[in-house]
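Every number here is computed from the coordinates shown, using simple stated rules; none is lab data. All of these numbers come straight from a predicted model, not from anything done at the bench. Here the Cβ positions follow ideal geometry from the backbone for every residue, glycine too, while neighbour counts run over all protein chains shown.
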Amino acid sequence: MNYRKYLLRILLNLFPPLFFNRIIVKKISDDYQEIDVVLKKTFFNINFHKTIFGGSIFSACDPFFPTMYYNIFKLKKRKLIIWVKNAEINYLIPANTSLKLKFKINNSHLKEIEKNLQKKGKCEIQNEVIAKNKNNEICASAKITTYLRDSNFIN
């Protein structure tokens with residue numbers, strides 16, 4: 001059993017901004033390249049129209065790509081400074097049910113990051129995630145730009 005992955009899942013699920021928005025990490029892949037998240041529709045995150053508040057949907061999109069990159073590079077014994085530089089979300093239809101989000105980082109992004117880190121010591125990469133309701137309809141899509149910098153880079 002991967003205790004680090006298990007502990008990360010517990011910590012994320014207890015992290016107050018996620019916990020109080022009812023954002024639940026269901027699964028983390030062993031290589032940290034995939035995370036499955038559910039945003040539960042509850043009394044605590046609905047708006048006047050009884051749909052999920054947009055801020056809760058945004059919160060479900062925000063922290064996961066940097067977390068994934070941090071852990072991917074930690075497995076490679078690289079210490080990076082990582083944060084969300086930009087985020088853009090499009091709300092497509094009202095979220096009448098709980099939402100599922102699948103975060104995925106592909107190997108081509110990792111190769112691009114490695115190349116830029118080696119050459120410039122930093123990189124910005126954009127990933128996309130979609131939020132689907134129980135009918136498999138896309139309620140929102142978000143583009144998250146993550147900034148990564150090698151703290152040991154000497155130019």
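Relative to the dominant Cα principal axis of the chain, helix 3-14 is inclined by about 40°. Full extension of the chain between THR145 and ARG78 yields a length gain of 22.1 nm, computed as 0.36 nm times the residue separation minus the alpha carbon distance. Axis angle, to the nearest 10 degrees, between helix 107-120 and the longest C-alpha principal axis of the chain: 50 degrees.
Counting Cα-Cα pairs of the stretch 37-100 in 10 Å increments starting at 0 gives whole-percent bin shares of 19, 39, 25, 14, 2. With everything on Cα atoms, drop me the angle between helix 64-75 and the longest principal axis of the chain, reported from 0 to 90° to the nearest 10. The two axes meet at around 30 degrees. A straight chain from TYR3 to LYS115 at 0.36 nm per residue would run longer than the Cα-Cα distance by 37.3 nm.
Dipole of the chain computed with +1 at Lys/Arg Cβ and -1 at Asp/Glu Cβ about the Cα centre; of ILE35, ALA87, VAL129, farthest Cα towards the positive end is ILE35.
Spatial offset of the stretch 69-102 relative to the stretch 8-36 amounts to 11 Å, using the alpha carbon center of each. The value of relative contact order for the chain, using C-alpha pairs under 8 Å at least six residues apart, is 23 percent.
Tell me the GluC sites (Glu not before Pro) within the stretch 123-155 that lie in a loop according to DSSP and have at most 16 other beta-carbon atoms within 10 Å. Taking the stretch 123-155 and a limit of 16 other Cβ atoms within 10 Å, the loop GluC sites (Glu not before Pro) found are GLU137.
Placing +1 on each Lys and Arg Cβ and -1 on each Asp and Glu Cβ, with no other charges, gives the stretch 3-150 a dipole about its Cα centre of roughly 420 debye.
Each Lys or Arg adds one and each Asp or Glu subtracts one; over the other residues with Cβ under 15 Å from the Cβ of GLU34, this totals +3.
The alpha carbons of the stretch 3-150 stretch over 50, 32, 23 Å along the principal axes, in descending order.
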